[in-house]
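A short write-up of the structure that comes next.
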Amino acid sequence: MTDKVQDKIAVLGLGYVGLPLALAFARAGFATTGFDTNASHIRALNAGADPNGEVAGASLQGSAARFTADPADLAGCTAFVVAVPTPVTDAKKPDMEPLLGACRIIAPHLKPGALVIVESTVYPGVTEEICGPALAAGSGLKIYDDIKLAYSPERINPGDAEHSLENVVKIISAQDPETLDRVEAIYAPLVKAGLHRARSIKTAEAAKVIENTQRDLNIALVNEFALIFSRLGLDTLEVLEAAGTKWNFLPFRPGLVGGHCIGVDPYYLTYRAEQVGYHPEVILAGRRINDQMGRHVAQEMIKAMLARKVDLGRARVLILGFAFKENCADTRNTRVKDIVAELADYSVQADVYDPLVSAEALREEYGIDPIQDLKKGAYDGIVVAVAHSAFVQMGVDNIRALGRPNAVLYDIKGVFGRLASDLRL
């Protein structure tokens, strides 16, 4: 088994996955280089600040890891961990460019015996059938012989301090038992919860992609419940609470499904399924349901305002939260954008307020200029779209005070209780 000090580790991609990983490697005694193509991101990290707000400044400032945007700094590394995003295209097909870009950056620095570990979410076969050939082509080396391949899927949950890298069992896999022992030596010092040795790389890839697909489908089911119960005049959360008294009823709740994992990963599995001649039905049906929930929220808000004789042409709605989930700054694939877009189709002005999200990021990615201050008595409707702790701490009375006397309050996640709001999923 390779001793941990023998591997010099490079982590490519310093977002929610890569940054905590790089810091953990450094704490465990590895010589660690963190690489990202975003030069401004690197400058912030070197100044002791995580732009995503997930890692404390003290952890950055006290780390032995070095951060760089210069590929030349990868020279001398022997193990390369790829933690870049794996998004989908507008056609809902896997976008492999970030992963292939990382392979192109790594390839010139590979030497015989180099280890490449992919952590990004992919479909079964990507590590060996796409990354491997790309690494070989760029380095002139042979995969399996000169370049050792491994896969260890990330399980990071942004905004969740409890389920951290150290506290969640980590799957590891590799091309052969000897390489798997090497991968185990790298990760074992980091993960207190232990490691699960998968039989093959494809098994580990499949395990990762179904984790989020299963969750996507469970949420889709309760979202469909919500769509039905809305027409029946029933409160979905009350129904779920009653059903939850049965010992084996799963406690999922309706909501907006976005982000870089749950709302994206199922498309990797369905793409691969169609390649081998199987057309998925349940998975894609769940995706369609979840992708319509933002529009459903907006339409319910429109109906409620019309019932209160609000003039839609002059109406203003406040959207509290734009991140894809609570207590994080990430807006990738956020479905809150669908609420804003649907309201605009009804000529309703929507003001977005999210204290965790960068205003510059909202302007650049979504063309939305968020408000910076909250004004009392200004709105005909208020949507608590994201259950940030800051909004929960405000309390429902202070939130209602932001609206006019007949304003509609839509609490998507039901954080304030049934009687506190006018609408909830």
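For the residues Ala390, Ala298, the requirement of being in a helix (DSSP H, G or I), surrounded by fewer than 18 Cβ atoms within 10 Å (Cβ to Cβ), in contact with a Leu (Cβ under 8 Å, 6 or more places away or on another chain) and outside the structural domain of Ile262 (by TED's automatic domain parsing) singles out Ala390. Scanning the stretch 169-190 for residues that are β-branched (Val, Ile, Thr) and buried (at least 18 other Cβ atoms within 10 Å of the Cβ) turns up Ile171, Ile172, Thr179, Val183, Ile186. In the condition set (1) in contact with a Phe, Trp or Tyr (Cβ under 9 Å, 6 or more places away or on another chain); (2) in a helix (DSSP H, G or I); (3) of a type in the set (D, E, K, R), Asp330 is compliant with all but (2).
Across the stretch 3-40, the qualifying residues are those that are touching a strand residue (DSSP E or B) at 6+ places or on another chain (Cβ under 9 Å) and more than 18 Å from Glu119 (Cβ to Cβ), and the one among them that is modelled with the highest pLDDT is Ala31.
Residues of the stretch 394-421 that are among the polar types (S, T, N, Q) and either within 17 Å of Leu256 (Cβ to Cβ) or not in a strand (DSSP E or B) (or both): Asn398, Ser421.
Okay, residues lined up against (1) surrounded by 15 or more Cβ atoms within 10 Å (Cβ to Cβ); (2) part of a helix (DSSP H, G or I):
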position	(1), (2)
Lys192	no, no
Thr203	no, yes
Asp216	yes, yes
Glu224	yes, yes
Val239	yes, yes
Ala242	no, yes
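Return the only residue of Ala91, Ala75, Ala107, Ala69 being free of Cβ contacts under 8 Å to residues at least 40 places away in the same chain, within 30 Å of Asp354 (Cα to Cα) and out of contact with any strand residue (DSSP E or B) (no Cβ under 8 Å at 6 or more places or on another chain). Result: Ala91 is the single residue among Ala91, Ala75, Ala107, Ala69 that is free of Cβ contacts under 8 Å to residues at least 40 places away in the same chain, within 30 Å of Asp354 (Cα to Cα) and out of contact with any strand residue (DSSP E or B) (no Cβ under 8 Å at 6 or more places or on another chain).
Selection within the stretch 347-365: residues that are touching a helix residue (DSSP H, G or I) at 6+ places or on another chain (Cβ under 6 Å) and crowded, with 17+ Cβ neighbours inside 10 Å. The member of this set that is farthest from Glu300 (Cα to Cα) is Ala350.
The set of residues in the stretch 345-359 that are assigned to a loop (DSSP other than H, G, I, E, B), free of Cβ contacts under 8 Å to residues at least 60 places away in the same chain and small (Gly, Ala, Ser) contains only Ser347.
Give the residue, chosen from Glu274, Glu326, Glu281, Glu342, that is in contact (Cβ under 8 Å) with a residue 24 or more places away in the chain and either among the hydroxyl-bearing types (Ser, Thr, Tyr) or over 29 Å from Ala56 (Cα atoms) (or both).
Glu342
Residues of the stretch 376-417 that are among the polar types (S, T, N, Q) and either more than 18 Å from Asp354 (Cβ to Cβ) or in contact (Cβ under 8 Å) with a residue 24 or more places away in the chain (or both): Ser389, Asn406. One residue is enough: does the stretch 408-415 have a residue meeting the conditions of a type in the set (A, V, I, L, M, F, W, C) and surrounded by fewer than 22 Cβ atoms within 10 Å (Cβ to Cβ)? Taking every residue of the stretch 408-415 in turn, at least one turns out to be of a type in the set (A, V, I, L, M, F, W, C) and surrounded by fewer than 22 Cβ atoms within 10 Å (Cβ to Cβ). Filtered by the rule that a residue be farther than 20 Å from Arg308 by Cα and among the β-branched types (Val, Ile, Thr), the stretch 410-425 gives a lone residue, Val415. Identify, please: which residue in the stretch 323-345 is at pLDDT 95 or above and surrounded by fewer than 19 Cβ atoms within 10 Å (Cβ to Cβ) and is, among those, nearest to Gln292 (Cα to Cα)? Top of the filtered list is Ala341.
Which ones in the stretch 311-322 are assigned to a loop (DSSP other than H, G, I, E, B) and either modelled with pLDDT under 95 or among the charged types (D, E, K, R) (or both)? Across the stretch 311-322, the qualifying residue is only Asp311.
Is it the case that some residue within the stretch 190-202 is among the β-branched types (Val, Ile, Thr), in contact with a helix residue (DSSP H, G or I) (Cβ under 7 Å, 6 or more places away or on another chain) and closer than 30 Å to Ile9 by Cβ?
Filtering the stretch 190-202 for residues among the β-branched types (Val, Ile, Thr) gives 191, 201.
Of the ones still in play, those that are also in contact with a helix residue (DSSP H, G or I) (Cβ under 7 Å, 6 or more places away or on another chain) are 191, 201.
Retained after the next criterion (residues that are closer than 30 Å to Ile9 by Cβ): 191, 201.
Yes; the residues of the stretch 190-202 include at least one that is among the β-branched types (Val, Ile, Thr), in contact with a helix residue (DSSP H, G or I) (Cβ under 7 Å, 6 or more places away or on another chain) and closer than 30 Å to Ile9 by Cβ.
Of the residues screened, Ile262 is not one that is in contact (Cβ under 8 Å) with a residue 60 or more places away in the chain and among the β-branched types (Val, Ile, Thr).
The values are calculated or read from the model by the stated rules, or taken from the named source; none is laboratory data. Remember, predicted model here, so these are calculated numbers, not experimental data. Virtual Cβ from ideal backbone geometry, glycine too; neighbours counted across all protein chains shown.
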